[in-house]
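Have a look at the structure below before the remarks.
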Amino acid sequence: MFAVSLAVTVMAELGEPPGAVMLASTVAALAAAIPDLDLHTAHRALLHNVPVMLALTILAYAASLAAAPWAAWLVAAGFLLGYSSHLLLDMLTVRGVALLYPFQRRFYRLARLRSSDPLANKLLQAASAAVAAYSLASAGMIGAR
């Protein structure tokens, strides 16, 4: 939810039309799930890092450039926003993430929340929804016309 809210906010603030906001938000939602593909290997290291995030963002940009050049920057922006939002949220947990893996194995964190904390999760979901709704309303995409 946070990834979608972030993408909606950024794209709406940039003045992108609804279709572009939808595309970037969809890509953000998909990209936000990718870091957890390392769940059964080197979790929070193998895919939870900046080098992999940048490499995959470039790959997404190149693939979309070949398929639909008009959408390439939206795909790349959505991918980067989604992936980075996952890393940011995991940095709020006790364990943190190995941001510079494989160059450095240190885990970075910004807070000490538990990912299983229902209150923290509900507050984050509510804040994400409020930010997305505000951004859509201020861009004229929802609400009275």
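Coordinate-derived values only; no laboratory data. No experiment lies behind these values; they were computed from the predicted model shown. Virtual Cβ from ideal backbone geometry, glycine too; neighbours counted across all protein chains shown.
Using the beta-carbon distance between residue 62 and residue 134 and R0 = 30 Å, what value does 1/(1 + (r/R0)^6) give for FRET efficiency, to the nearest 0.05?
It comes out at approximately 0.35.
Provide the per-residue ³J(HN,Hα) series for region 76-93, in order, calculated from phi with Karplus coefficients 6.51, -1.76, 1.60 and θ = phi - 60°, each as a whole number of Hz, with x at glycine and proline positions.
For region 76-93, the Karplus curve yields 5, 5, x, 4, 5, 5, x, 5, 5, 5, 4, 4, 4, 5, 5, 6, 7, 8 Hz.
Based on the Cβ-Cβ distance from residue 116 to residue 50, what FRET efficiency comes out when R0 is 30 Å, to the nearest 0.05?
Efficiency for this residue pair is about 0.70.
Could you work out how much longer the chain between residue 105 and residue 142 gets when fully extended? Use 0.36 nm per residue separation minus the Cα distance between them, nm to one decimal.
Result: 8.9 nm gained on full extension.
Sort 54, 136 by Cβ crowding within 10 Å, fewest neighbours at the top.
Taking fewest neighbouring Cβ atoms as first place, the list is 54, 136.
Any idea what the relative contact order of the chain is, in percent, if you count C-alpha pairs under 8 Å spaced at least 6 apart?
For the chain, the relative contact order is 30 percent.
Provide the per-residue ³J(HN,Hα) series for region 129-143, in order, calculated from phi with Karplus coefficients 6.51, -1.76, 1.60 and θ = phi - 60°, each as a whole number of Hz, with x at glycine and proline positions.
Result, ordered by residue: 5, 5, 5, 5, 5, 4, 5, 5, 5, 5, 8, x, 8, 9, x Hz.
I need the phi-derived Karplus couplings for region 44-54: 6.51 cos²θ - 1.76 cosθ + 1.60, θ = phi - 60°, integer Hz, Gly and Pro marked x.
For region 44-54, the Karplus curve yields 6, 10, 3, 10, 9, 8, 5, x, 5, 4, 5 Hz.
Would you mind checking region 101-145 for residues with the amide N under 19 Å from a putative spin-label position 7 Å along Cα→C-beta of residue 1?
Within reach of a label on residue 1, which here means backbone N under 19 Å from a point 7 Å along Cα→Cβ, region 101-145 contributes 113-137.
Compute the long axis of helix 2-13 from its Cα atoms, compare it with the longest principal axis of the Cα atoms of the chain, and write down the angle in degrees, 0 to 90, nearest 10.
40 degrees
Which cross-chain or sequence-distant (5 or more) residues have an amide H under 5 Å from the amide H of residue 113, H modelled 1.01 Å from N in plane?
The list, which skips near neighbours in sequence, is 93, 94.
Hey, got the dipole for the chain? About the Cα centre, +1 on K and R Cβ, -1 on D and E Cβ, debye to the nearest 20?
For this selection, approximately 460 debye.
With the Cα gyration tensor of the chain in hand, convert its eigenvalues to equivalent ellipsoid semi-axes via √(5λ) and list them largest first in whole Å.
Three semi-axes, in Å: 27, 21, 10.
Check which residues have an amide H placed less than 5 Å from residue 99's amide H, if you skip close sequence neighbours.
Amide H to amide H, under 5 Å and 5 or more residues apart or across chains, residue 99 pairs with 108.
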